[in-house]
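**Q** First the structure, then my questions, so here it is.
The values are calculated or read from the model by the stated rules, or taken from the named source; none is laboratory data. It should be emphasised that the depicted structure is a prediction, and the values quoted were computed from it without experimental measurement. Quick reminder, even Gly has a Cβ in these numbers, built from the backbone with ideal geometry, and neighbours come from all protein chains shown. Heads up: the accessible areas ignore ligands, DNA and RNA and are worked out on the full protein's heavy atoms, side chains in. Shrake-Rupley method; radii C 1.70, N 1.55, O 1.52, S 1.80 Å.
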Amino acid sequence: MTDILMIAPMPDLVAGQLAEIGAVHDYTGARDKRALMSEVGDKIGVAVAMGGFPASLHGSLPNLKLIASYGVGYDGIDAPLARARGAAVTNTPDVLSDAVAELTVAMMLAHDRQMMQAESYVRKGKWGKKGMYPLTRQLAGSKAGIFGLGRIGKEVAARLTAMKVDVAYHGRREQPDQPYRYWASLAEMAASVDWLVSIAPGGAETRYAIDAEVLRALGPDGRVLNIGRGSVVHEAALVTALKAGTVGGAALDVFEDEPYPHPDLLTMENVLLQPHNGSATHVTREAMGQLVVDNVKAHLAGESLLSPVN
Ligand code: A2R
């Protein structure tokens with residue numbers, strides 16, 4: 001029987017299946033984590049996580065062989081360190097790309113067409129009293145620059161193209177097989193688009209990539225959307241730019257300090273907010289959970305991992 005450490009709360013689908021294949025120890029729920037570690041630490045072979053793994057835990061888990069993470073982003077896990085300590089890391093890519101891409105496009109549409117405000121206009125009876133709602137922007141015909149044309153970015157690009165949006169992208173390298181225009185400079189791309197869409201991973205390399213300079217380049221008619229990682233956008237700089245009107249609007253699903261968006265964002269009309277909901281559909285969360293379990297099973301059976309990251 002394998003000992004499995006749950007270092008983040010897992011959906012029932014995951015927790016239930018893990019309990020069938022090993023002895024599960026709940027780290028997050030443990031009142032005395034140190035006592036738990038001294039009791040079971042050297043027996044733990046597998047840890048299940050949710051995008052993060054404290055590096056300090058390695059010292060208590062000398063026999064850890066796998067960190068199976070729920071979610072595609074793993075910027076909170078030091079994968080090279082885990083590998084050096086003898087542990088593989090898996091994530092849950094691909095199965096969530098459709099859900100994240102459709103929320104991305106939904107947010108762009110909702111923002112441009114002012115759907116939240118227009119709905120409130122109807123609910124509050126303003127339609128009958130004041131007449132028709134003011135005209136809004138149209139997504140078709142606009143230009144979008146995607147920061148991070150990876151698995152999710154490509155799904156976003158395909159949907160936007162179908163909706164007659166002109167797509168460009170920025171990343172560390174050009175992808176010659178892609179039909180979209182490549183920009184080596186994020187700021188230059190920002191200056192050329194209506195929507196700057198960030199679906200790049202978090203981590204030291206992308207931290208604050210969308211800063212005051214990039215926002216200035218995006219300009220007073222530009223809108224920024226972030227559905228990748230909160231750390232990619234300098235939130236204070238964004239708030240300043242929105243207040244000054246040097247950026248036209250924002251649609252944000254992820255934040256620097258979740259679940260606490262910058263308080264000024266909460267009162268801004270030209271900001272659309274979502275609670276880190278990109279992959280939050282029944283079908284996708286089920287598929288993500290199953291992939292966590294299937295990685296653990298593959299590891300225990302001595303088979304190749306389904307989605308290793310290191
Ligand atoms: O840079 P490239 O050409 O390798 O393109 C990748 C880009 N990317 C970066 N761009 C600029 N600077 C970086 N340091 C950097 N690191 C990566 O982001 C690639 O096109 C894209 C990431 O794509 P995938 O690895 O396929 O990730 P996926 O499944 O699209 O998910 C993206 C992110 C996750 O990392 C979570 O943070 C979030 O979506 O849920």
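**Q** Longest exposed-loop-site-free stretch of the chain, with GluC sites (Glu not before Pro), DSSP loop and at most 13 other Cβ within 10 Å?
**A** 1-204
**Q** Please enumerate, by chain and number, the lysines with C-alpha under 16 Å from the C-alpha of LYS33, excluding those fewer than 8 residues away in the same chain.
**A** LYS43
**Q** So, one more: Just the accessible area for MET115, please: 1.4 Å probe, Å², rounded to the nearest 10?
**A** 110
**Q** Continuing with this model, one more query. Quote the convex hull volume per residue of the chain, based on C-alpha atoms, as a whole number of Å³.
**A** In the chain, the Cα convex hull volume per residue is 153 Å³.
**Q** Okay, moving on. Quick one: Debye curve from the C-alpha atoms of segment 1-97, no solvent, what's log10 I(q)/I(0) at q = 0.12, 0.13, 0.24 Å⁻¹?
**A** Results for segment 1-97 at q = 0.12, 0.13, 0.24 Å⁻¹ read -0.34, -0.40, -1.39.
**Q** Moving on to the next point. First compute the accessible area of segment 1-115 with a 1.4 Å probe, then give the percent of it belonging to carbon and sulfur atoms.
**A** Answer for segment 1-115: carbon and sulfur cover 52 percent of the accessible area.
**Q** Using a probe radius of 1.4 Å on heavy atoms only, what accessible surface per residue do you get for segment 176-245? Whole Å² is fine.
**A** Roughly 43 Å² per residue, with all protein chains present.
**Q** Note down the accessible area of ARG181, probe 1.4 Å, to the nearest 10 Å².
**A** Accessible area, nearest 10 Å²: 140 Å².
**Q** Enter the angle in degrees (range 0 to 90, nearest 10) between the Cα long axis of helix 282-300 and the first principal axis of the Cα atoms of the chain, meaning the one along which they spread out most.
**A** It works out to around 30 degrees.
**Q** Any idea of the accessible area per residue across segment 261-308, 1.4 Å probe, to the nearest Å²?
**A** Computed with neighbouring chains in place, this is 54 Å² per residue.
**Q** Next question, about the same structure. Of the accessible area of segment 161-232, with the probe set at 1.4 angstrom, what percent is carbon plus sulfur?
**A** Of the solvent-accessible surface of segment 161-232, carbon and sulfur hold 48 percent.
**Q** Now, a different point. Not counting ligands, DNA or RNA, and with a 1.4 Å probe, what is HIS299's accessible surface area in Å² rounded to the nearest 10?
**A** 60
**Q** From largest accessible area down, sort TRP127, TRP183, TRP195; use a 1.4 Å probe on the protein chains.
**A** Order by accessible area, largest first: TRP127, TRP183, TRP195.
**Q** Rolling a 1.4 Å sphere over the protein heavy atoms, what is the accessible area per residue of segment 1-111, to the nearest Å²?
**A** Here the residues of segment 1-111 average 43 Å² of exposed surface.
**Q** Amide H neighbours of GLY249 under 5 Å, counting only residues 5+ apart in sequence or on other chains, H built in-plane at 1.01 Å?
**A** Residues meeting the amide H criterion: VAL224.
**Q** Straight distance only, please: which lysines reach the Cα of LYS164 with their own Cα at less than 18 Å, same-chain residues fewer than 8 apart left out?
**A** Hits, sequence-local ones excluded: LYS143, LYS154.
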